[in-house]
1. So for segment 128-141 (the condition being farther than 30 Å from residue 81 by Cβ and either assigned to a helix (DSSP H, G or I) or of a type in the set (A, V, I, L, M) (or both)), does at least one residue qualify?
2. Can you report the number of residues in segment 159-211 which are among the polar types (S, T, N, Q) and closer than 27 Å to residue 16 by Cβ?
3. If residue 255 meets every condition in (1) in a loop (DSSP other than H, G, I, E, B); (2) in contact (Cβ under 8 Å) with a residue 12 or more places away in the chain; (3) in contact with a helix residue (DSSP H, G or I) (Cβ under 9 Å, 6 or more places away or on another chain); (4) not aromatic (Phe, Trp, Tyr) apart from one, which number is that one?
4. Please work out which residue is surrounded by the fewest Cβ atoms within 10 Å (Cβ to Cβ), limiting yourself to segment 183-203 and to residues that are of a type outside the set (Val, Ile, Thr) and under 9 Å from residue 225 (Cα atoms).
5. Please list, ordered by first then second residue, the pairs with beta carbon atoms under 7 Å, 6 or more apart or interchain, first in segment 144-156 and farther than 19 Å from residue 252 by Cα, second in a helix (DSSP H, G or I) and open to solvent by less than 40 Å² (accessible area, probe 1.4 Å).
6. Among the helices (runs of 4 or more DSSP H) lying completely within segment 12-97, list those that include at least 2 residues that are among the charged types (D, E, K, R) and closer than 21 Å to residue 228 by Cβ.
7. Every residue in segment 5-20 that is in contact (Cβ under 8 Å) with a residue 60 or more places away in the chain and either of a type outside the set (Val, Ile, Thr) or surrounded by fewer than 24 Cβ atoms within 10 Å (Cβ to Cβ) (or both), please.
Amino acid sequence: MDYGLKGKKALVCGSSAGIGFGAAMKLALEGCHVILVSRNEENLRLARNKIHEVTGRDAESFACDISKPSDIDKLSKFIESRFGAIDVLVNNVGGPDPMPFMNVTDDTWFRYFETLFMSVVRLVRTFAPSMKEGSSIVNILSRSAKEALPSLVISNSFRPALAGLSKTLSTELAGKGIRINNVCPGLVATDRQVNLINYTAEKEGISPDIVRKRSEGQIPLGRLASPEEIGSMVAFLCSSESSYITGGTFFVDGGASKSNV
């Protein structure tokens, strides 16, 4: 199937590894010119090399911290000088550390407010004005956007806020022909998931293998997702095949969510 993405310029945040890299790889396979964004230049280099190895396409990259307004300004100038504008924006940031509410300090709340929420606000505000009709924005959220998860109070607080922001933006951007949607992964085989498994194992005094098997047992499909499976949903939502979909929040979790909608 031709997704109509050939030659599109796609900016993918948090894309040197994990879900962000899976999304970037899928978009590159569909013919997008991908711009990778992450904080670590060496990790970006490795990601660029892997995309070229698999797809034969060259990817661009820009090292910056999207929680900092000054870095987003630098990214904007880079994009404008090299590409003029983008057609696809994928907002993706690694999830916050698990911790109980009483352990979350004000500094931690404000840090994740900047990282998880304000980064999306600033990126959309920066790039949406120059995006053309038919462009797409996809936010990578979490099951916590609709369903509170144990020990993830920060994610449970900011992910639903992003879902609300996206719903509002879907109306405001529709007049320009720009669509915006959310993807909510479940358990994905990434370093982030390893950290969550280890946290639970230490907290309960059991082995990580037991935690992993227990988690997989709660997923109807019986396994963790690969980053590329999440990337497939991202690519679809950016494609011409989803041209009548905007303001949506979509679970890609193997059936694990208990939410009806």
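The values are calculated or read from the model by the stated rules, or taken from the named source; none is laboratory data. Since the structure is predicted, the reported quantities are computational estimates derived from the model, not experimental observations. Here the Cβ positions follow ideal geometry from the backbone for every residue, glycine too, while neighbour counts run over all protein chains shown. All accessible areas refer to the heavy atoms of the entire protein, side chains included, with ligands and DNA or RNA removed. Shrake-Rupley method; radii C 1.70, N 1.55, O 1.52, S 1.80 Å.
1. Start the filter on segment 128-141 by keeping residues that are farther than 30 Å from residue 81 by Cβ, which leaves 141.
Retained after the next criterion (residues that are either assigned to a helix (DSSP H, G or I) or of a type in the set (A, V, I, L, M) (or both)): 141.
Yes, the conditions are met somewhere in segment 128-141.
2. If we filter segment 159-211 for residues that are among the polar types (S, T, N, Q), which is where we start, we get 166, 168, 170-171, 181-182, 190, 193, 195, 198, 200, 207.
After this cut, where a residue has to be closer than 27 Å to residue 16 by Cβ as well, the list is 166, 181-182, 190, 193, 195, 198, 200.
Counting residues in segment 159-211 that are among the polar types (S, T, N, Q) and closer than 27 Å to residue 16 by Cβ gives 8.
3. (3)
4. Here is the first cut: in segment 183-203, the ones of a type outside the set (Val, Ile, Thr) are 184-187, 189, 191-193, 195-196, 198-199, 201-203.
Adding the requirement that they be under 9 Å from residue 225 (Cα atoms) leaves 185-187, 189.
Numbers: 185: 27, 186: 22, 187: 21, 189: 16.
Residue satisfying both the conditions and the ranking: 189.
5. 154/112
6. Values: elements: 18-29, 41-55, 69-82.
Result: 41-55.
7. Step one: list which residues in segment 5-20 are in contact (Cβ under 8 Å) with a residue 60 or more places away in the chain, which gives 5, 8-15, 17-20.
The answer is 5, 8, 9, 10, 11, 13, 14, 15, 17, 18, 20.
This table checks each residue for (1) of a type in the set (S, T, N, Q); (2) open to solvent by 30 Å² or more (accessible area, probe 1.4 Å); (3) without any contact (Cβ under 8 Å) to a residue 60 or more places away in the chain.
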site: 1; (1), (2), (3): no, yes, no
site: 22; (1), (2), (3): no, no, no
site: 37; (1), (2), (3): no, no, yes
site: 62; (1), (2), (3): no, yes, yes
site: 70; (1), (2), (3): yes, yes, yes
site: 74; (1), (2), (3): no, yes, yes
site: 85; (1), (2), (3): no, no, no
site: 100; (1), (2), (3): no, yes, yes
site: 112; (1), (2), (3): no, no, yes
